[in-house]
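Worksheet for the structure shown next.
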Amino acid sequence: MLALPAMAQEPITPQTTMREIRQNPAVQASGLYTDIHTWERDLAWFKNAHNNETLEEVVGSGSAASCAAGLNLLIQNYESGTQITYKLYSEQEIAEDSSRNNVEFYYYPASTPDAKYALVLSGNIFNRTAELKECISTAYQLHQKGYAVFVMRYRAYPDNDNNGPMEDIARAVKYITGHAQQFGVQTESYALIGYSSGGHLAGLFASDALGYKNYGLPKPGAVILAYPIVQFAETTPIYRVGIDPFVCGRFYYEYSLADLITEDYPPVYFWYGRDDLTLNLLCWPLQGPALSKALAAHGVPYKEVVYDHAAHGISLGRGTAADGWLDEAAAFWEEQTK
């Protein structure tokens, strides 16, 4: 007997609930991480978190339309036979350290071969991450411009000890570089895009001291940072006690990105808002202003955009003063790598 065709799923919209998204067969089969906290898949009282909320309620009105479009594109890619999720550590490596099982990226192929690619890192607050809010919408917008995109899921609290997130980013770039023909991407001129604390990680990976050179990997063509945390300032002791207690050595969250800028640093586009409460609480002069000063002092090509009103965590910033920043950042990336 012939198999009956599967019932077509309704397209995801900003008003689709998280339960409906999580129950979508293609989303489930693709392996996309749709939770908000790293504990949601492990602890019973978190398993239904946000299920009754709409996508717009979870990611915000400024990201909802692009996020919905990005989810629909992911479903389309999966149903056409594209592998979406790639684990970045082997079974043996995961057996040695189970936290590595959480490290993966989600692939958005370009529409043309030999495309430039972007690796996108969300922000995080301890165990809360923002792949949906910040990265899926970004992936969709960059796909529309002809880029391939890899949405990164790196280790967050409580698994981010011993510089784990830096190793995760290196593993992602190494994997993409080694499989460039499979993904249809260029190995050079890629962009690292980071939001908030993900911006701190992306920036560190672009540095001589902690980044790509230490792993024998290509230099990024551009670093694009949205409301980046340049250094954690007053919270560094808390991170040390909470993440790496009683361990010798210096860890990624103890570095100021501004202190690691050299003449060989890649071109940088970054933006933030003057009324960004998070950056103000972390000591405003040590954040964007310090990075701008360091880039200028070392002759690194950069563009800094400071908005009077742009809150932390607004992603693409639709409907705010920051609306359109990704278009400007992509143009900067193209200009620096043409």
*Once you have the Cα-Cα distance between LYS174 and GLN9, take 0.36 nm times their residue separation minus that, and quote the gain in nm to one decimal.*
55.8 nm
*With a point put 7 Å past each Cα toward its Cβ, work out how far GLU254 is from ASP275 in nm, to one decimal.*
3.8
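Stretched out fully, how many nm does the piece from GLU53 to ASN101 gain, at 0.36 nm a residue minus the Cα gap?
Contour length minus Cα-Cα distance gives 14.5 nm.
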_For ILE261, net neighbour charge (Lys/Arg +1, Asp/Glu -1) across residues whose Cβ lies under 12 Å away_ = -3
*asked:* Can you tally the net charge around LYS338? Count Lys and Arg as +1, Asp and Glu as -1, for every other residue whose Cβ sits under 14 Å from the Cβ of LYS338.
replied: -2
*Hey, any idea what % of region 252-308's accessible area is carbon plus sulfur with a 1.4 Å probe?*
55
*According to the Kirkwood expression over distinct Cα-Cα pairs, how big is the hydrodynamic radius of region 142-231, in Å?*
13.6
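Between their Cα atoms, which of LYS174/LYS219; LYS87/LYS174; LYS145/LYS303 are more than 18 Å away from each other?
Values: LYS174/LYS219 12 Å; LYS87/LYS174 13 Å; LYS145/LYS303 20 Å.
With Cα atoms farther than 18 Å apart: LYS145/LYS303.
May I ask you to compute the full-extension gain from THR17 to LYS338, defined as 0.36 nm times their residue separation minus their alpha-carbon distance, rounded to one decimal in nm?
On the way: separation 321, 0.36 × 321 = 115.56 nm, distance 4.17 nm.
Fully extending the segment from THR17 to LYS338 adds 111.4 nm.
The values are calculated or read from the model by the stated rules, or taken from the named source; none is laboratory data. Computed from a predicted model, the values in this text were never measured in an experiment. Cβ coordinates were reconstructed from backbone atoms using ideal geometry, including for glycine residues, and neighbour counts include every protein chain displayed. Surface areas here come from the heavy atoms of the whole protein model, side chains and all, with no ligands, DNA or RNA. Shrake-Rupley method; radii C 1.70, N 1.55, O 1.52, S 1.80 Å.
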